[in-house]
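The values are calculated or read from the model by the stated rules, or taken from the named source; none is laboratory data. Computed from a prediction, not measured in an experiment: that's the story for all the values here. Using ideal geometry, Cβ is built from the backbone for each residue, glycine included, and neighbour counts are taken over all protein chains shown.
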Amino acid sequence: MAASVLLGSADTGLNFGSGGGGAVLAGNTNGLAPAGPAPWNRSVDRALDEAAATGSLNLSGRKLKEFPRSASNHDLTDITRADLSRNRLSELPLEVCVFVSVESLNLYQNCLRSLPDALINLQTLTYLNLSRNQLSVLPAVLCSLPLKVLIACNNKLMSLPENLGQLRHLTELDVSCNEIQNLPSQVGQLEALRDLNIRRNHLLHLPAELAELPLVRLDFSCNRVTSIPVCYRRLTQLQTMTLDNNPLQSPPAQICIKGKVHIFKYLNLQAMKGSAEPPEYERPPPSFSSCADDLYPGRLYGALDSGFNSVDSGDKRWLGNEPGGSCCSSAARRGGSTGGAAPEGMAAPPNTHTHTHTHSWNPHAGLPGQNIEARLKVSLPSDLGAALTDGVVLCHLANHVRPRSVPSIHVPSPAVPKLTMAKCRRNVENFLEACRKMGVPQVSSAAQRSRDRAPPINRAEFRRTHRARCPMTATCCSSVRKSQRVERPYDQ
C-alpha cells in the first residue's frame with residue numbers, strides 16, 4: 001500500500017493518515033482556522049452570488065473600506081436594491097454607480113465625505129439613505145434623480161442645493177441633525193412633499209413657501225425659530241406639527257403647548273387683524289346691503305347677527321342674517337330725504353350722523369308686514385298682530401337694523417312649539433329697549449293719548465260730592481278707583 005506524508009512547518013501537532021491511494025496530511029492545529037479563504041470573504045462571495053440571483057445586494061455591517069473586487073466575477077447589472085450600510089466607505093464606489101436598475105440605495109453609517117457626479121446614472125433611484133455620514137454638501141446632480149425619499153440626517157450639511165425644487169416626486173425629506181441655517185425658497189416647489197423633518201438645525205425662520213405644500217407631518221423642533229408665519233394656517237392637511245425647544249414668541253408658549261388646533265386658531269386671528277377686510281368665508285354676500293352697513297362702516301362683519309347668548313336650539317338663530325333689500329331708499333342714498341310713516345310702534349330714527357346719507361323707512365315698499373318679510377326673508381301670516389305677539393320677529397328686525405342690539409332672543413323649538421307669556425314679554429321688552437338705544441322716540445297708544453287729553457280728576461272734590469249722594473261711599477269709591485285705572489300699553 002503506497003503512502004505519502006506531508007509535513008507542516010511546525011514541530012508539533014502532526015497528524016498522520018493513511019489510506020489506499022490516499023494522502024497523509026500533517027498540519028498545525030493550534031486553535032487556528034483551516035487553510036483557505038477567510039470566513040468573511042466566503043460570506044461576501046455568498047452575498048454576491050445571492051445578489052446575482054435575487055437582484056438584492058446586502059453587504060451591510062462588513063467593515064468594507066472599498067467595494068469587493070470579486071464583484072467583477074458576478075453579473076450585478078440587474079440589481080434593484082443595494083444595502084451598503086454600517087461599513088467604512090469613505091466615498092461611494094464607482095461600481096455602485098453602474099447599477100442602472102437600482103431603485104433603493106442604503107449608505108447609512110459610513111464615512112462618506114462627498115458623492116460622485118456619476119450618481120446621475122442611477123435614473124431609477126427612488127430611495128436614498130445618506131444618514132450618519134460626514135457630508136457637508138449635497139451635489140446638484142442629486143436633484144436630477146427621480147427620488148421619492150431622501151434621508152440625509154446626522155451629517156454636516158450647511159445648506160441644501162438651490163435646485164432642490166427639481167425633486168417634484170419627493171414625498172419625504174429628512175435633513176435633521178445638521179447645521180442648516182435657512183431653507184431655500186425652492187422648497188415650495190416640492191409639490192408632492194408630505195413629510196418634512198428639519199429637526200436639530202440652526203434655523204432662525206421658516207420659509208413662507210412651505211404653506212403651499214400638502215404637508216402631513218412637519219417637525220422643526222430644536223431650532224431657533226421665533227415665530228410661525230401666519231400663512232401656515234393654509235396647511236389644511238397637516239396632522240402632526242412638532243415645534244418644541246424653540247424660542248417661539250408668536251404664537252406664545254401657552255398657546256403652543258395646547259396643540260395644533262389652538263395654534264391654527266391663533267394664526268387665523270392674526271391674519272384677521274392684519275387684513276383690512278374679513279376672511280372670504282366671513283364676508284357678507286355681494287348683494288347684501290343694509291342701513292347698518294352705512295351707519296357702522298368700520299364694523300368687520302357688516303350686519304350679521306351671530307346669535308350670541310341666544311337660548312334657542314339654533315334652528316332659527318340666523319333668521320335675521322339672510323341677505324335682503326336695503327332699508328334705505330334710493331333717494332336717501334343719493335343724499336336726499338324721503339318722508340313717510342314708520343312701521344307701527346316705531347318712528348324713523350333721527351339723522352344724528354354727519355355723513356350725507358339720510359336713512360328712513362321707505363313707505364312705498366308696501367305694508368309693514370311686507371316690509372318686514374322683504375328684510376328678514378320670512379313669510380308672515382295675514383294676521384300681523386298675532387305674528388308679532390311673541391316678539392321673535394321684532395327682535396330679529398331690531399338685529400337687522402343694528403346687529404347685536406338684542407343679545408338674547410327666545411324662540412320656539414320643536415320640543416316647545418309655543419313660548420310662554422313670560423318669554424314673549426321678555427322678547428318684547430328686549431325689542432323696546434333696543435329701539436330706545438337706537439334713538440327711536442316713544443309713541444303713546446290711543447288709550448294713553450286720550451287719558452293725557454282728559455282733564456285731571458280732583459279726587460277730594462269727587463269724594464265729597466259722591467259721599468253726599470251715595471251712602472255706600474266706600475264701595476262706590478272703590479269702583480270709581482277701579483274704573484279710573486287705565487292699563488298702560490306695553491311700551492315701558
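Residue under question is residue 225, and the condition is that it be within 21 Å of residue 177 (Cα to Cα), aliphatic (A, V, I, L, M) and surrounded by 17 or more Cβ atoms within 10 Å (Cβ to Cβ); does it hold?
On the way: within 21 Å of residue 177 (Cα to Cα): yes; aliphatic (A, V, I, L, M): yes; surrounded by 17 or more Cβ atoms within 10 Å (Cβ to Cβ): yes.
So residue 225 passes the test.
Note on the stretch 127-141: among residues that are surrounded by 16 or more Cβ atoms within 10 Å (Cβ to Cβ) and not in a loop (DSSP other than H, G, I, E, B), the one that is farthest from the chain's Cα centre (by Cα) is 141. Filtered by the rule that a residue be of a type in the set (Val, Ile, Thr) and in a helix (DSSP H, G or I), the stretch 217-260 gives 230, 255. For residue 247, the test of being over 26 Å from residue 143 (Cβ atoms) and either without any contact (Cβ under 8 Å) to a residue 12 or more places away in the chain or buried (at least 20 other Cβ atoms within 10 Å of the Cβ) (or both) is failed. For the stretch 26-72, filtered to residues that are more than 24 Å from residue 109 (Cα to Cα), surrounded by 12 or more Cβ atoms within 10 Å (Cβ to Cβ) and of a type in the set (S, T, N, Q), the residue that is modelled with the highest pLDDT is 54.
Are any residues in the stretch 144-160 over 30 Å from the mean Cα position of the chain (by Cα) and under 17 Å from residue 131 (Cα atoms), and if so, which ones?
154, 155, 156, 157, 158
Within the stretch 183-210, being buried (at least 19 other Cβ atoms within 10 Å of the Cβ) and farther than 12 Å from residue 170 by Cβ holds for 183, 197, 198, 199, 200, 201, 203, 206, 210.
For the stretch 392-428, give me each residue that is surrounded by fewer than 18 Cβ atoms within 10 Å (Cβ to Cβ) and either free of Cβ contacts under 8 Å to residues at least 12 places away in the same chain or of a type in the set (Gly, Ala, Ser) (or both). If the condition is that a residue be surrounded by fewer than 18 Cβ atoms within 10 Å (Cβ to Cβ) and either free of Cβ contacts under 8 Å to residues at least 12 places away in the same chain or of a type in the set (Gly, Ala, Ser) (or both), then 408, 413, 415, 416, 417, 418, 420, 421, 422 are the ones that fit.
At least 2 residues being at pLDDT 85 or above and out of contact with any helix residue (DSSP H, G or I) (no Cβ under 7 Å at 6 or more places or on another chain) is the threshold, and among the helices (runs of 4 or more DSSP H) wholly inside the stretch 366-449 those reaching it are 421-437.
Within the stretch 108-125, can you find the residues that are part of a loop (DSSP other than H, G, I, E, B) and touching a residue at least 24 places away in the same chain (Cβ under 8 Å)? If the condition is that a residue be part of a loop (DSSP other than H, G, I, E, B) and touching a residue at least 24 places away in the same chain (Cβ under 8 Å), then 108, 109, 110, 114, 115, 116, 122, 124 are the ones that fit.
Can you name every residue in the stretch 75-103 that is surrounded by 17 or more Cβ atoms within 10 Å (Cβ to Cβ) and of a type in the set (Ser, Thr, Tyr)? The one that is surrounded by 17 or more Cβ atoms within 10 Å (Cβ to Cβ) and of a type in the set (Ser, Thr, Tyr): 85.
Checking 172, 162, 103, 179 one by one, the residue that is touching a strand residue (DSSP E or B) at 6+ places or on another chain (Cβ under 6 Å) and among the acidic types (Asp, Glu) is 172 and no other.
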